[in-house]
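**Q** Handing you a structure now.
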Amino acid sequence: MLRRTDFYIDGKWVAPTAPRELEVVNPADEQPFAVISLGAAADVDKAVAAARRAFGPWAATPLDQRVGLLEKLLDVYNARADEMAKAISSEMGAPLKLAIEEQAAAGSYHIKNFIRTLKAFAFDHALDERYPQERIIREPIGVCGLITPWNWPMNQVALKVVPAVGVGCTVVLKPSEIAPMSSLLFAEFMDEAGFPAGVFNLVNGDGLGVGEAMSRHPDIDMMSFTGSTRAGVAVTKGSADTVKRVTLELGGKSPNLVFADADLEDAVMRGLDHCFENTGQSCNAPTRMLVERPVYDRAVEIAERHAKAAKVGNPAEDGGHIGPLVSQAQFDKVQGLIEIGIKEGARLLAGGPGRPEGFNRGYYVRPTVFADVTSEMTIAREEIFGPVLAMIPFETEEEAIRIANDTPYGLASYVQTGDPERARRVSRQLQAGMVQVNGASRAPGSPFGGYKQSGLGREGGKFGIEDFLEIKAVSGWPT
């Protein structure tokens with residue numbers, strides 16, 4: 001069994017102040033494969049002190065030197081990408097193909113895009129051509145506390161660490177204690193790339209022991225959190241007494257609006273695949289499929305057929321199958337919500353309670369589709385975070401928009417239509433931070449984040465860089 005009980009603080013691997021070990025469980029077989037330590041407030045104090053000492057010199061380091069270290073980080077990451085994919089697969093159950101091509105690849109993708117964006121970013125410029133003596137200067141906010149989730153570990157670590165250190169901030173990272181191995185590996189990458197001591201620090205721990213200590217710490221200037229809305233509220237409350245900046249990327253219950261003029265087979269199958277990807281454990285998954293009434297019955301048939309053909313398998317094996325959920329707690333939650341869907345009267349088309357055939361251990365679930373769901377049902381309102389789709393019919397465009405927006409969340413929305421004018425019209429009315437039309441991919445550097453209880457701030461590209469900067473206006477700048 002792997003023993004990774006040290007934390008990375010001030011450029012060194014150091015033992016926790018008090019022993020408190022936790023086993024990391026492989027969700028495919030429910031067996032522990034590694035041991036980490038859970039930190040406490042004293043460990044956070046050490047990491048924050050190191051970050052605070054390093055901040056002044058690092059902020060004063062020329063941009064090209066900081067970018068040069070990020071370029072070295074990218075080289076290290078790419079050289080060790082297979083290690084990263086295996087770590088992610090073992091800790092959170094992503095099938096190896098997904099772990100290699102998307103999970104681990106997301107880290108290098110974001111590092112590369114931030115390098116490009118940092119090189120072109122205007123940190124210092126005149127207010128406008130009319131007022132050249134009014135100078136706008138963007139400066140690093142300071143020491144940043146970063147809390148990342150288990151579902152897309154390297155995606156989120158890269159979206160926070162890279163822009164923060166790139167602009168001159170120093171950081172303390174707390175990855176999810178459920179899936180910490182990839183972040184421990186990332187700490188090795190940062191060390192190998194040669195970042196100065198204290199610029200990057202990592203303390204493992206849970207929300208109560210480390211997350212709360214970070215949120216309340218007077219020497220942390222900003223908290224960037226990705227996770228559940230409930231935990232995001234806790235981070236915000238903990239940060240309030242010290243008036244920290246808080247950025248949040250939280251939950252979602254994303255609608256997928258399928259109009260009768262869409263390519264129905266393609267739209268339904270693509271939507272189902274996206275819902276099931278990563279075993280449904282994505283905050284922007286299109287988990288509510290709203291279908292226009294004239295094609296609803298046919299869409300139901302397509303979804304039922306496609307869901308029943310979905311494969312579930314061991315994440316260590318190659319292929320496009322679905323892996324397990326991340327933990328016993330997540331397994332129990334998803335099972336309970338499937339049962340509630342049946343109890344509240346939704347029509348079960350595929351899947352249902354229990355493990356798939358052939359599995360008697362591991363946190364595997366049956367890919368599930370419900371039809372005839374109404375907006376009042378629990379499965380239409382709660383974020384399930386599993387491979388469960390709710391299909392809802394609608395009569396008119398106005399009704400579709402009303403149903404889509406009838407949620408406390410507003411992370412992503414999806415529109416399927418053959419009418420360009422409708423695509424523009426509907427996209428403008430959806431209360432979501434991101435709208436994707438007819439399966440179009442999001443461009444590099446496009447902002448990721450949402451409305452309402454889906455969070456505050458944006459990640460990615462120049463938008464993600466701006467979150468880690470303060471704005472200073474200087475009047476009377478000599479021209």
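Every read-out reported here was derived from the displayed coordinates using simple, explicitly stated rules and does not represent laboratory data. Fair warning: this is a prediction, and the values are worked out from it, not measured in the lab. When we count neighbours, we look across all protein chains shown, and the Cβ atoms used for this are built from the backbone with ideal geometry, even at glycine.
**Q** Find me the longest stretch of the chain that has none of the exposed trypsin sites (Lys or Arg not before Pro), where exposed means in a DSSP loop (not H, G, I, E or B) with at most 11 other Cβ atoms within 10 Å.
**A** Between the exposed loop sites, the longest stretch runs 131-310.
**Q** Is the shape of the stretch 255-444 best called rounded, prolate or oblate, per the rule: a/c under 1.5 gives rounded, else a/b larger than b/c gives prolate, else oblate, with a ≥ b ≥ c the square roots of the Cα gyration tensor eigenvalues?
**A** Prolate shape, in that a/c is at least 1.5 and a/b is the bigger ratio.
**Q** So which chymotrypsin sites (Phe, Trp or Tyr not before Pro) in the stretch 381-479 are both in a DSSP loop and have at most 16 other Cβ atoms within 10 Å of their Cβ?
**A** none
**Q** Using r as the Cβ-Cβ distance of Glu265 and Val233, and R0 as 41 Å, what FRET efficiency do you calculate, to the nearest 0.05?
**A** FRET efficiency, Glu265 to Val233: 0.50.
**Q** Name the GluC sites (Glu not before Pro) in the stretch 335-386 that are in a loop by DSSP and that have at most 11 other C-beta atoms within 10 Å, would you?
**A** Of the GluC sites (Glu not before Pro), the ones in loops of the stretch 335-386 whose Cβ has at most 11 other Cβ atoms within 10 Å are Glu357, Glu376.
**Q** What net charge do the residues around Glu102 carry, taking every other residue with its C-beta under 13 Å from that of Glu102, with Lys and Arg at +1 and Asp and Glu at -1?
**A** Around Glu102, the surrounding residues sum to -2.
**Q** List the DSSP H helices in the chain whose Cα atoms stretch 15 Å or more along the helix axis and whose mean Kyte-Doolittle hydropathy is at least -1.0.
**A** Taking the DSSP H segments of the chain (at least 15 Å long, mean hydropathy at least -1.0), we get 41-60, 63-79, 81-92, 105-120, 153-167, 181-193, 229-240, 264-276, 293-309, 328-343.
**Q** For the stretch 124-194, what is the charge dipole size about the Cα centre, in debye to the nearest 20, if Lys and Arg each add +1 at the Cβ and Asp and Glu each add -1 at the Cβ?
**A** Value, rounded to 20: 180 debye.
**Q** Going by Cα centres, the stretch 398-452 and the stretch 207-222 are how many Å apart?
**A** A separation of 34 Å, based on Cα centres.
**Q** To continue, here is another question. Looking at the chain, what % of its DSSP beta bridges pair antiparallel, to the nearest 5?
**A** 40
**Q** Then there's this: Using Cα-Cα distances under 8 Å and only pairs 6 or more residues apart, what relative contact order does the stretch 255-444 have, in percent?
**A** Normalised by residue count, the contact order of the stretch 255-444 is 27 percent.
**Q** Taking the Cα centre of the chain as the origin and placing charges on Cβ (Lys, Arg +1; Asp, Glu -1), which of Tyr131, Thr378, Ala85 is farthest toward the positive end of the dipole?
**A** Tyr131
**Q** What relative contact order, as a whole-number percentage, does the stretch 141-261 give when Cα pairs under 8 Å and 6 or more residues apart are counted?
**A** Answer for the stretch 141-261 is 27 percent.
**Q** Next up: Count neighbours as other Cβ atoms within 10 Å of each site's Cβ, and list the GluC sites (Glu not before Pro) in the stretch 240-318 that are DSSP loop with at most 14 such neighbours.
**A** Glu317
**Q** Considering only DSSP beta bridges whose two residues both sit in the stretch 266-425, what percent are antiparallel, to the nearest 5?
**A** 30
**Q** If Lys and Arg each add +1 and Asp and Glu each add -1, what is the summed charge of the other residues whose beta carbon sits under 14 Å from the beta carbon of Phe121?
**A** Local charge sum for Phe121: 0.
**Q** Quick check for me: using +1 on Lys/Arg Cβ and -1 on Asp/Glu Cβ, what's the dipole size of the chain about its Cα centre, in debye to the nearest 20?
**A** Result for the chain is approximately 720 debye, rounded to the nearest 20.
**Q** Right, here's the next one. Could you work out the local net charge near Glu395, counting Lys and Arg as +1, Asp and Glu as -1, over the other residues with Cβ closer than 12 Å to its Cβ?
**A** Residues near Glu395 contribute -2 overall.
**Q** Just from its helices, what would the mean residue ellipticity at 222 nm be for the chain, if runs of 4 or more DSSP H residues each count -39500 (n - 2.57) and the sum is divided by every residue, rounded to the nearest 500 deg cm²/dmol?
**A** Rounded to the nearest 500, the figure is -12000 deg cm²/dmol.
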